[in-house]
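See below for the structure under consideration.
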Amino acid sequence: MENYWLKTINILLLKLKITGLFLSPVVLFFVPLGFFKKQASICIFKNLTGLSCYGCGMTRAVFYALHLRFQEAWHFNPLFVVVLLLIILLWAHTLQKLFASAIFLNKN
């Protein structure tokens, strides 16, 4: 009986994780872009030297790319392409692992 409840809780948590992972890009899409445009830089290198580092503007660039505004994203940081691809690959890999464990839990 205890094993049944443990399996039920694990399946419920797995479903919540999958739902959250599917909804995260949707939630990020609805974050207003103006919020990121007005923020001051928190880059220590830029604040100390006044020069931009390779990561400066990356958060804004990724958010603009998530809103399908690639020209503005390129303006903030051209390296967003690499980071966005890595984020998408990590997202897909995590989804694949969650689905694989869901299939495993349903078989047992």
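The values are calculated or read from the model by the stated rules, or taken from the named source; none is laboratory data. Only a predicted model underlies this, so the values are computations on that prediction, with no experimental measurement involved. Glycine gets a Cβ as well: all are built from the backbone with ideal geometry, and neighbour counts include every protein chain shown.
In the range 74-99, what count of residues is obtained for those that are over 19 Å from LYS15 (Cα atoms) and either in contact with a Lys or Arg (Cβ under 8 Å, 6 or more places away or on another chain) or among the charged types (D, E, K, R) (or both)?
The number of residues fulfilling the criteria is 2.
If LYS15 satisfies all but one of (1) closer than 22 Å to ILE88 by Cβ; (2) in contact (Cβ under 8 Å) with a residue 24 or more places away in the chain, what's the number of the condition it fails?
That leaves (1) as the condition not met.
Scan the range 56-108 for residues that are of a type outside the set (A, V, I, L, M, F, W, C), surrounded by 14 or more Cβ atoms within 10 Å (Cβ to Cβ), farther than 22 Å from PHE22 by Cα and modelled with pLDDT under 90 and report the count.
Selection size over the range 56-108: 1.
Against the condition surrounded by fewer than 14 Cβ atoms within 10 Å (Cβ to Cβ), of a type in the set (A, V, I, L, M, F, W, C) and over 25 Å from THR19 (Cβ atoms), how does LEU48 come out, does it pass?
So LEU48 passes the test.
Within the range 1-41, track down each residue that is at pLDDT 80 or above and in a loop (DSSP other than H, G, I, E, B).
Listed by number, the residues that qualify are PHE30, VAL31, PRO32.
Can you tell me which condition PHE29 does not meet? The list is (1) within 25 Å of LEU90 (Cα to Cα); (2) surrounded by 14 or more Cβ atoms within 10 Å (Cβ to Cβ); (3) of a type outside the set (Ser, Thr, Tyr), and all the others hold.
(2)
Do we have TRP74 as closer than 29 Å to ILE103 by Cα and aromatic (Phe, Trp, Tyr) here?
So TRP74 fails the test.
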